[in-house]
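Structure record follows, encoded as structure tokens.
The values are calculated or read from the model by the stated rules, or taken from the named source; none is laboratory data. Treat the numbers as computed from the prediction; the structure is a model and nothing was measured. Positions of Cβ are generated from backbone atoms using ideal geometry, with glycine treated the same way; all protein chains shown enter the neighbour counts. Protein only, heavy atoms only, side chains kept; ligands, DNA and RNA dropped before computing areas. Shrake-Rupley method; radii C 1.70, N 1.55, O 1.52, S 1.80 Å.
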Amino acid sequence: MKLILSDHNERIIEHCPATVEQILLEAGINPLDVLVTRNGKLISEDTVVGDEDEIRVIRIAHGG
């Protein structure tokens, strides 16, 4: 599975299937701070992803 981070770096994740939350936590990313898409569609953190998926992490900008 390909994990594309918000800074456009890419990582290959080999221990799939796994939930989005597991993958984010292992990558050191707080699931509450990001949105995630799979193959271009928004998915939740409890979604199970597989080897053929492309996951993109989108950082949420918040503040005031």
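D7 fails exactly one of the following numbered conditions: (1) touching a residue at least 12 places away in the same chain (Cβ under 8 Å); (2) over 11 Å from the mean Cα position of the chain (by Cα). What is the number of that condition?
Result: D7 passes all but (1).
In segment 10-29, what residues are without any contact (Cβ under 8 Å) to a residue 12 or more places away in the chain and under 11 Å from T47 (Cα atoms)?
Hit for segment 10-29 is Q22, nothing else.
Out of all the residues in segment 11-36, which are more than 11 Å from M1 (Cα to Cα), touching a strand residue (DSSP E or B) at 6+ places or on another chain (Cβ under 9 Å) and loosely packed, with under 15 Cβ neighbours inside 10 Å?
Hits for segment 11-36 are E26, A27, D33.
Pick from G50, G40: which is open to solvent by less than 100 Å² (accessible area, probe 1.4 Å), out of contact with any helix residue (DSSP H, G or I) (no Cβ under 8 Å at 6 or more places or on another chain) and without any contact (Cβ under 8 Å) to a residue 40 or more places away in the chain?
Numbers: G50 fails: without any contact (Cβ under 8 Å) to a residue 40 or more places away in the chain.
Residue meeting the stated conditions: G40.
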